[in-house]
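So the structure is just underneath, and the comments pick up after that.
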Amino acid sequence: MCACNSESGAQLLARLGTRPNFDGLDPQLFKKNMSVKPGQIIEVCGESGCGKTEMLLHWLAQCILPDNWQGIPCNGLGIDVLFIDNDCHFSVLRLVSILESRVQVQMQQTETLDQDSYDVETFIKSCLQHLHYQRCHDNVEFLITIEALESLLGNKPNIGVVMIDSLSAFYWMDRNYYCETKLHHLTHTLQKVIEDYHLVGFVTNSLINPVRDKGESSVTPRHLSMDPISRIWQKITTKRYLMWKCASDFAICLQSQEYNQQRLCITEAGVQYQ
């Protein structure tokens, strides 16, 4: 007699249903041979204040915008996103500003458009309905949220992306809690949900006290191997990006595991690649 593994209805829907196509998420960063696919977890690491949350907002806006709105090409994905805010850096007003800027740019490029006939405010509100926000105040709440992801996805099967900002938010508050056993359990639980439900995960991580050698003006890939949280999470992340502020100007550098470096700046309209 063979043993059968059961699955929930939401897992069956995720397995048999059509999951979103992420090819247009960020063509500048995720090239054709590096496109984002369901089941992957992308990690952005860097010191505090280098722009990690802005990168999440950049991807978040792209996810919740539709491909087209009343003849205006928005080039979005129309995907529901769960945003888990541990750092309290998320600002819905900042997100609205990014969405409005993107829509206004597309409207200006549509020459025959009568802009007065479009209700941008109502459109932005409809986009925000694709955002599901969860605020965690401590490590226990964060762990409970991750443990309850499967139940949440059962009630909201349209969610295709999970974003966490950030993994290290409660490190100094609960240093004794950050033992490897509990971190391994946390990463395993998240990885299982991401893979079982064919989601994409985006997470940020603030490096804990990176020690620089003499002459180093910014963090380097070497610091990832010394970071207590990155050492655990690197086992489940598919793509890892290191962010730092360039010493010579106001630009920010984003470097992948493949050592491809991308320069960008953060404006009122969000992330702009250079």
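(1) surrounded by 15 or more Cβ atoms within 10 Å (Cβ to Cβ); (2) not in a loop (DSSP other than H, G, I, E, B): which one isn't true of Gly78, the others all being true?
(2)
So is Val161 modelled with pLDDT of 90 or more and either closer than 30 Å to Trp69 by Cα or among the β-branched types (Val, Ile, Thr) (or both) or not?
yes
The rows are residues; the columns are (1) out of contact with any helix residue (DSSP H, G or I) (no Cβ under 7 Å at 6 or more places or on another chain); (2) in a helix (DSSP H, G or I); (3) within 19 Å of Leu82 (Cα to Cα).
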{"residue": "Pro20", "(1), (2), (3)": "yes, no, yes"}
{"residue": "Asp23", "(1), (2), (3)": "yes, no, no"}
{"residue": "Pro27", "(1), (2), (3)": "yes, no, no"}
{"residue": "Lys37", "(1), (2), (3)": "yes, no, yes"}
{"residue": "Val44", "(1), (2), (3)": "no, no, yes"}
{"residue": "Cys50", "(1), (2), (3)": "yes, no, no"}
{"residue": "Leu56", "(1), (2), (3)": "yes, yes, yes"}
{"residue": "Gln62", "(1), (2), (3)": "yes, yes, yes"}
{"residue": "Pro66", "(1), (2), (3)": "yes, no, yes"}
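Given (1) under 15 Å from the mean Cα position of the chain (by Cα); (2) aliphatic (A, V, I, L, M); (3) over 22 Å from Met243 (Cβ atoms), where does Leu95 come up short, assuming only one miss?
(3)
Being charged (D, E, K, R) and either under 24 Å from Ile232 (Cα atoms) or open to solvent by less than 40 Å² (accessible area, probe 1.4 Å) (or both) is the filter here; which residues of region 34-75 pass it?
Lys37, Glu43, Glu47, Lys52, Glu54, listed by residue number.
The values are calculated or read from the model by the stated rules, or taken from the named source; none is laboratory data. Computed from a prediction, not measured in an experiment: that's the story for all the values here. Positions of Cβ are backbone-derived with ideal geometry, glycine not excepted, and every protein chain shown enters the neighbour counts. The area values use the complete protein model at the heavy-atom level, side chains included, leaving out ligands, DNA and RNA. Shrake-Rupley method; radii C 1.70, N 1.55, O 1.52, S 1.80 Å.
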